[in-house]
Amino acid sequence: MKIGVLDQSPIISGYRSVDALRATIELAQRAEQLGFSRYWLAEHHAIAALADPCPEILVGRVAAATSTMRVGTGGVLLPYYSALKMAEVFRMLEALFPGRIDLGIGRAPGGDMRTAKALAGGRYDAAENFPQQVYELAGYLDGNLPDDHPFAQVRVMPEVDTSPEIWLLGSSDYSAALACQLGLPFAFAHFINSHGGDGVTRAYRQQYRASARRPQPRAMVCAFVVCAERSEHAERLAQSIDLRRLQMALGIDSPIPTLAEAETREYSAQERAYIAQQRVRAVIGNPTQVRQQLEDLRERYETDELMLLTITGDYKSRLESYELIAQSC
């Protein structure tokens, strides 16, 4: 299986943002040694549990700390930025690390709406201009905006011979449909929405329109995974993300709970029911169980690649989870 890593740079209770970013660099270096194909960094804003609001900067740091693995964003939240500026940023990254840069694009706010409006200069509408932004961004990177486009003659620097791979990311059919129209790869976020994604990715393949960038469709599914030597231990480790998801539902903004914090938390029957509902978004088990579940996901979604997100209550068990997956897959 072709497998990559999605890293949200989690801040675990008792640690600081700088610790989370240091753990990201360490995990990226180990992921390359383990043979993971891609390493993507996510954009989030004003969230106590996640340390990376600007993945376009962290991509450069991770790429500099590695040598062969593709590095990219999962993703840049394009509605906040101009298409030209993002084209310049990723042209620069491509110039520095040719043939290794991925530009994953999302349209979610990546935080609360107050922060979204502040980032967007007081007005935020993720859907209004997103298709045009993606179209222009690809056009700037490839130098093929139509002659009648008002900015067709804008010179995008630095000028390089290669271009980043562009991926559209989504948890519904919106970005999949846009990826079809523009001839771009598509990644479905199963870790956000575990319902209907298989139908979305199959429709993407069936309706795909070939482009100069990508003659054939390419699909990926992004899954949340916790793997341990024993399935019982994996279930224990998953309690940290169980509590994290409950906190999000309750509007509690705090770092990722440690396992000790999760195990000592008392839950109501309603809270336990909510946690059980959220577990369908996760792959949890020993290496054999995880491998089988990932193969099932890949077949059900008819995808070419998998992207795995692991968050636990400590950085050591997170790293060990990826090591076990690499050994088994």
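The values are calculated or read from the model by the stated rules, or taken from the named source; none is laboratory data. All figures in this text were calculated on a predicted structure; none of them were measured in a lab. Backbone-built Cβ (ideal geometry, glycine too); neighbour counts: all protein chains shown. Only protein heavy atoms, including side chains, enter the accessible area calculation; ligands, DNA and RNA are left aside. Shrake-Rupley method; radii C 1.70, N 1.55, O 1.52, S 1.80 Å.
So here's what we get for this one:
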quantity: Label-to-label distance, nm, for residues given as A273 and L34 (7 Å Cα→Cβ offset); calculated: 3.7 nm
quantity: Cα lying deepest toward the dipole's positive end in the chain, options L50, Q247, G106, charges on Cβ; calculated: Q247
quantity: Ellipticity estimate at 222 nm from DSSP helix runs (n ≥ 4, -39,500 (n - 2.57)) divided over the chain, nearest 500; calculated: -13500 deg cm²/dmol
quantity: Rounded percent of accessible protein surface that carbon and sulfur make up, the range 224-265, 1.4 Å probe; calculated: 53 percent
quantity: Cα gyration tensor category, rounded, prolate or oblate, for the range 67-167 with a/c compared to 1.5; calculated: oblate
quantity: The range 115-216, accessible surface, carbon-and-sulfur percent (1.4 angstrom probe); calculated: 48 percent
quantity: Gained length - H195 relative to Q216, 0.36 nm times residue gap less alpha-carbon distance; calculated: 5.0 nm
quantity: Partner lysines for K85 [C-alpha distance under 25 Å; skip if fewer than 8 residues away on the same chain]; calculated: K117
quantity: Å² of accessible area per residue within the chain, as computed with a 1.4 Å probe and no ligands counted; calculated: 44 Å²
quantity: Exposure of K316 as accessible area (Å², to 10), given a probe of 1.4 Å and all protein chains; calculated: 130 Å²
quantity: Virtual spin-label span in nm between L21 and L96, 7 Å along Cα→Cβ; calculated: 1.3 nm
quantity: Part-to-part distance (alpha-carbon centres) for the range 90-141 and the range 263-319, which is given in Å; calculated: 28 Å
quantity: Gain in span if fully extended, E88 to V280, counting 0.36 nm per residue against the direct Cα distance; calculated: 65.2 nm
quantity: For the range 97-225: rounded, prolate or oblate by the Cα gyration tensor [a/c cutoff 1.5]; calculated: oblate
quantity: Angle between the chain longest axis and helix 83-96 axis [Cα atoms, degrees, rounded to 10]; calculated: 80 degrees
quantity: Geometric extent, Cα atoms of the chain - Rg, Dmax (angstrom); calculated: 19.4, 64
quantity: Net charge dipole size for the range 200-329 [Lys, Arg +1 and Asp, Glu -1 on Cβ; Debye, nearest 20]; calculated: 760 debye
